[in-house]
Structures are given as structure tokens and as C-alpha cells.
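Remarks on the structure that follows.
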């Protein structure tokens, strides 16, 4: 992304120059003053170019620091001789031809109050060359300003990345909101006046209001969809766009005639957000109140939403069955109470009365049996001359919705707690920035602390023996496929080998695989046991073969010896020979039994798939 220079005469009064120069301006020759002015312009252009990086959308810290290192030398007195290096968290970003010399300036980079690195400017010639405009010491202010801006840029980029990661987490909650939400981009004419509003984002509730799908609505202009509201909405929306003051209005959707309680506000320059809740039923109830008391009573009594009339003193003068059932008091008990008595004590505020203007408030309330519930109260003045000063309050029980929100937060916290205590090694690794989280089990399995692994790439620890399996798993993850049962050998901190069985799931952001989430279990001991079983089976095979051969080699000579004993006439030696042959036969029989036993063990292992 190219960086455009600032104007030659910037509005800011800040000029980065060496201390003490102001007293010598009148005495300097015109050529020196021109040199100082050119130097000041270079400095401002460099600072301006660095500041512009914060406007890049989606830029990473690596990209920003690499770009800054490249443009820094141009702001110094001798840009052709100057070189720059930025060091952040042990990562270096250098300008072309960087070499560290004794003639240099450096300044620490501070992010959120912590030194994370430094920025260095060096002149490749160790001694000033003839014709150098100023000594290196005069550039202290510039390098301090550069380091400060780099720190702020890193803070900004890290904050933007955190926001992008959180957007996906809260998308589900956003889609299930009962209120409609639409975000617009302001469309202006050549004169800079807001003339229309292009839809950037909306939830399903808002899409129902438009009567089209989200895909059909994204990118379209509001007045192309609803041309009938152009005149009225242009004034209202334009006022919020220009002033930034939010407004709340009840507006009617022209196609269906449905009414909505809408809040219009400007989240940022060039954007307009509209949230709304359908109040068609409430609007009809108000119209019915003006037409007929009987008709009002019917709606009031049958409404599913809790409705109460509150007098100027804050007492409940009337309540419908839904309201009565919501709190559990009978009507006489309610009519003796103030509305503020129903509010959970920590949520009570001043004044005690509900607001008289149209408003929706979420608060906690206490029922008769002591239960605490969440309620959304919408209030408005009752437009009946005979009932002057009465406020009508419509109460919606939103306990389930709030519990769902709390459950989402608790679930996330519970997952982190489980991960922290897990016997298995759990980590999240992104393609561009390495490991961002790893559970404490890594210290037991690999010997590294979690802090030592943050920012590292997992591939750096995979041994060559299992690297092909690892690479094949990377290809599958890149396609968005989960991987189960991957066995790899990793290098421990002490140099030994750990055999890890992994289950991996791809991390998808914006339809693109950006990383992987992995659960790894140390199976080094299990692998060792398997190797021992294989060795034992091989030994059994050798024993069987040796038993069979040895028995055959012994039996044949014994038969010859026994035959020779029969030929000896002297009975005593012959008898001794037969005794020894009998003894040897007993030993051979034991060898046969060992051969049979070894064969039975082998068959048992095979049947039970232990080898």
C-alpha cells in the first residue's frame, strides 16, 4: 500500500529539531537554513508515513514493522548513508543494507507500559563524512518520536486483531438478538451531502423487516429498497450522520405497515446503525385506547406482554394478568406498591419513577417468592386526557435471553479452565503468528513453559522421522478437514523424544483456514510397551525354533548310544549308559514341553491381537 506524503506546510506546530537551534537561526547562512528546512520536511514526511500505516486495514504487526524499517532512513540527515533496524520480541526488521556501527542512535519501544524492543538508526560510516549537515546527537527527538509512534501502532494493530477474533465469537449472539440491527455506510454526493445509506451488515431479524435475505440486501441502498421513506428518513438520518447525536423514533415500515421502536446512532464517522424492536402490537394498543375503552380493556387483558399503569407518584394503578403472573402478587398487593418496589435493590436508581419518555430498559426485578428475573421495560405516557400523568409500562421477561448470554460467557471461561487443568496438551497455532495459547501440560510433556512456546511454530519441534505424516496432516487441515490419531515425534527441551498422538481441528476466519487447534496426548510410554511386546514375541518365535532343532539334534545321537549299550556284554556299564540316556530323554521331553508352551503363548497373542 503506497504512502502519500504530507503537505509541505503541515498545520501542526511541532517541529523536530535539535535543542538550542532557535537562538542561531538569524546567524545561519541561507544554504544552512534551507538544509534545516529540508531536514524538517523529511522528518515530518517520515512521521506522517509511519502514522498512515495505522489506516491500513488488516495489516499485521510484522507487515507494519517491515514497512516502517524500510522508510525510516529517508527521514535522517544523510538518508543514503542511514540504515534502520527494529527489534520487537526478538524479531528483527531491517532496512536494506543494514549494518550496526558505533555511530548510531537507539530508543526503546513501549507497548502498554512494557518495553518490547527498540528502534536503531545507524550510519554505515563510523565517522561523520565531510559535508554532513549535523551530528547524530541532534536526531534524538526524531528517533524518540518514531519509537513512540511504533509503540502506538503496535497497540492499535493488536487491539484490531483482538476485535476481529471476538467478532466471530459473538456472531451467534448477534444473529439471535430479538432486536433488528442494521449497519449502513453513508453515501455522499459530490458536494459531501449524505444522500443514501448502503447496507453493510444486518442480522436475520432486520432481514425479516426488509422482506429479503441477507445476501440480497448486503450492498444495496436503503432508498432503493424503500423509496417511499426517502424524504422523511433523509432528514432524520442525515441529522444523526452530521451531528452524531443518537435519536429514538417510532417508525412505520411502508410495505407491511409494521411499527418499530428504533434507535438511530452513529458508531463512527461515515457509518450509521439502526436497531429496532417491533412494537406493532403496542402501537395498535395505543390507537385502540383512543378509540374505545372497551377495546383497550380487551387488548390490555389479553396481551401476552406484562402491562402496568403507573400514576405520577410511582404507584401501580392497573396491571394486566400477564404482569400479575410475572411477579406473583395478586392485584390488591400490586396496587398498594410502588413500581420501584419491584426492582432488584442494586438496580434501583434515581428517580424512583420509570422514565416518561419512550424508552426500553433492562433491569433485574424481584418476584413475590424472592426469585430475581430480568425484565425489559418499555414506557410511554398514556395519551388519554382523562388519565393525565399516567405512564404505561410494558414488561417483557428476558430472563432466558440473559441467561443464554451469561451461559456463553461462562462456557468460554469454563473451557479455558478445563484447558488449563487438562492432562493433555492443548494449543492454538496460527499460520502467521505461531502458537497463541498452549496449556500448562506442555511443561510436563515437552519441558517447555507456556511462555516459551508462545509465538513458536509447531513444525520446528517435529522430528524428521514423522515429518511426512505431519506435512500430510497440514494439507488436510488447509482443506478445512479435521485430523484424528496423528502420531508425531516431538523434540523435548532436554533433547529426548516425545511421541504425541494428536487430534486437530482447523480454525476458520472469513471462510479461510488461518490456523489449527490441537489436543495432544503423550503416548511415549505406550509406544515403549508396544516395542517391548514385539521384542517378546520375536523371542518366543526364536525359542520355538531353537527348541525344535535342539530336540531333533539330541534324539538321534541318543538312539545310537542306546544301540551301542545293547552290544556291550558287561551289564554294569550298559545299565549306566541306559540310565544316562533316560535322563537325557527327560531333558528333551522338557524341551518339547517348552516348545509346546511357547507355541500356545504365540497363538494366544495372535488371537488377541497383542502383536
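Coordinate-derived values only; no laboratory data. The shown structure was predicted, so the numbers you read here are calculated from the model rather than taken from an experiment. Neighbour counts run over all protein chains shown; Cβ positions are idealised from the backbone, glycine included.
Suppose we look only past 21 Å in the calculated P(r) of the stretch 176-278. What percent of the Cα-Cα pairs does that tail hold? Don't jump to the answer; show the numbers that get you there.
Numbers: 1340 of 5253 pairs.
Everything past 21 Å amounts to 26 percent.
May I ask you to sort 298, 80 by Cβ crowding, counting other Cβ atoms within 10 Å and putting the fewest first?
Values: 298 13, 80 8.
With the sparsest Cβ surroundings first, the list reads 80, 298.
Provide the packing ranking of 483-491, 328-336, i.e. peptides ordered by the mean count of other C-beta atoms within 10 Å per residue, highest first. Don't skip to the answer; put the middle values down first.
Numbers: 483-491: 16.3, 328-336: 14.0.
Highest mean packing first, the order is 483-491, 328-336.
Going highest first, how would you order 496-507, 184-195 by mean Cβ packing within 10 Å?
Highest-to-lowest ranking by the protection proxy: 496-507, 184-195.
Would you give the gap between the C-alpha center of the stretch 190-214 and the C-alpha center of the stretch 70-84, rounded to a whole Å?
48 Å
As a footprinting exposure proxy, order 98, 226, 327, 210 by other Cβ within 10 Å, with the fewest listed first. Each step should come with its number before you reach the end.
Working: 98 17, 226 14, 327 24, 210 20.
Result, fewest neighbours first: 226, 98, 210, 327.
If I model a spin label as a point 7 Å beyond the Cα along the Cα-Cβ vector, how far apart are those points for residue 216 and residue 102 in nm?
7.7 nm
Within 10 Å of each residue's Cβ, count the other Cβ atoms and sort 223, 323 from fewest upward. Provide the component values of the computation, followed by the final result.
Working: 223 18, 323 25.
If I rank by nearby Cβ atoms, fewest first, I get 223, 323.
On a C-alpha basis, how far is the centre of the stretch 473-514 from the centre of the stretch 308-352 in Å? Whole number, if you could?
So the two Cα centres are separated by 58 Å.
Just subtract the alpha-carbon distance of residue 231 and residue 63 from 0.36 nm times their residue separation and send over the number in nm, one decimal. The partial results should precede the final answer.
Working: separation 168, 0.36 × 168 = 60.48 nm, distance 4.61 nm.
Full extension of this stretch gives 55.9 nm more.
In terms of the Cα gyration tensor, with a ≥ b ≥ c the square roots of its eigenvalues, is the stretch 426-533 rounded because a/c is under 1.5, prolate because a/b exceeds b/c, or oblate? Numbers along the way, then the final one.
Values: a/c = 2.07, a/b = 1.37, b/c = 1.50.
Oblate shape, in that a/c is at least 1.5 and b/c is the bigger or equal ratio.
Taking a virtual spin label 7 Å from the Cα of residue 52 along the C-beta vector, which residues in the stretch 70-86 bring their backbone nitrogen under 17 Å of it?
70-76
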